[in-house]
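Below: the structure, in structure tokens.
The values are calculated or read from the model by the stated rules, or taken from the named source; none is laboratory data. Predicted model only: the values in this text are computed from it and were never measured. Every residue, glycine as well, gets a Cβ built from its backbone with ideal geometry; the counts of neighbours run over all protein chains shown.
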Amino acid sequence: MRYLLLLTFVLAFIPNTQAQKEPGEFEFVVVPDQYSFLFEKDQYQLNSLTKFLFNKHGFNAYFNTELPNIDRCAGLYADVIRDNGMVWTKLTVELRDCKGNLIFKSIEGRSKLKEYQKAYSEALRVCFESIQALEVQQPEPTILVAIERKSEPEVIEVKQDQVYTYQDYELRVGSDDAIKVFHKNVEIGSLVATSKDDIFMVRTDNFYGVAYKTEDGFTIEREKEGQAAPEVILFTLKN
């Protein structure tokens, strides 16, 4: 009997032989537009910041309303959990699969700041330190082909020698398709291509972020030091 109990105890600590998928093996992550501990959609821009940070660290992040026609079980579903405290604002990020299985839980992010937006932003960024350490680069999502397809999706092209402007900033498309960022005619950085034709990483001396090619130009979610959440700006084609 003693040996049977010992065997039962040992088996309880043997890991499951069926390996659990890693976050990088999934194709995308869905960010909710509202967290349960907040009172409105994207309050304090916390949901937008979550999406931005996932994109920044190698994930293909979407709000649920943005999801293309893809297999919902090919992705992860994010949630931010708040642990109530008197002094600290404490958050953790969870990633679950379509069946509700916990795939990853971040370290706890803490902040003593009293202003909610700044506290949530600081705590969330600490959570993402453990997510950044995963060094994820999710593969491009597999788009499911519809049974009936009346027309081909429009391809938004970036033409050579075009210039897009926002205030005293410019995006200049060169003959080699490289997109450079200028501020007052001084080159400060560039747009770096990703696996998606219409999404770029923005790296400059003044700010960094994510750029999306649209019919009107480029929409950039830029992050600057001291900002609680990314700022959305639009570069339009220069006449």
> What residue, of Asn84, Asn101, is polar (S, T, N, Q), in the same structural domain as Gln43 (by TED's automatic domain parsing), farther than 21 Å from Asp42 by Cα and out of contact with any Ser or Thr (no Cβ under 6 Å at 6 or more places or on another chain)?
Replying inline: Asn101
>> Which numbered condition in (1) modelled with pLDDT of 80 or more; (2) among the aliphatic types (A, V, I, L, M); (3) surrounded by 14 or more Cβ atoms within 10 Å (Cβ to Cβ) is the only one that Ala229 fails?
In response: (1)
>> Every residue in segment 174-190 that is more than 26 Å from the chain's Cα centre (by Cα) and among the small types (Gly, Ala, Ser), please.
In response: Gly174, Ser175
> Any idea which residue in segment 1-47 is surrounded by the fewest Cβ atoms within 10 Å (Cβ to Cβ), counting only those that are over 30 Å from Thr142 (Cα atoms), at pLDDT 50 or above and of a type in the set (Phe, Trp, Tyr)?
Replying inline: Phe39
>> Please determine whether any residue of segment 113-121 is modelled with pLDDT of 90 or more, among the charged types (D, E, K, R), touching a Gly at 6+ places or on another chain (Cβ under 8 Å) and more than 20 Å from Gln20 (Cβ to Cβ).
In response: no
> Only one residue in Val155, Val186 is more than 28 Å from Phe39 (Cβ to Cβ), loosely packed, with under 15 Cβ neighbours inside 10 Å, at pLDDT below 80 and not polar (S, T, N, Q), so which one is that?
Replying inline: Val155
>> For segment 56-94, which positions are surrounded by fewer than 19 Cβ atoms within 10 Å (Cβ to Cβ), out of contact with any Cys (no Cβ under 8 Å at 6 or more places or on another chain) and outside any loop (DSSP other than H, G, I, E, B)?
In response: Phe63, Asn64, Thr65, Glu66, Ile70, Ala74, Asp79, Ile81, Arg82, Asp83, Lys90, Glu94
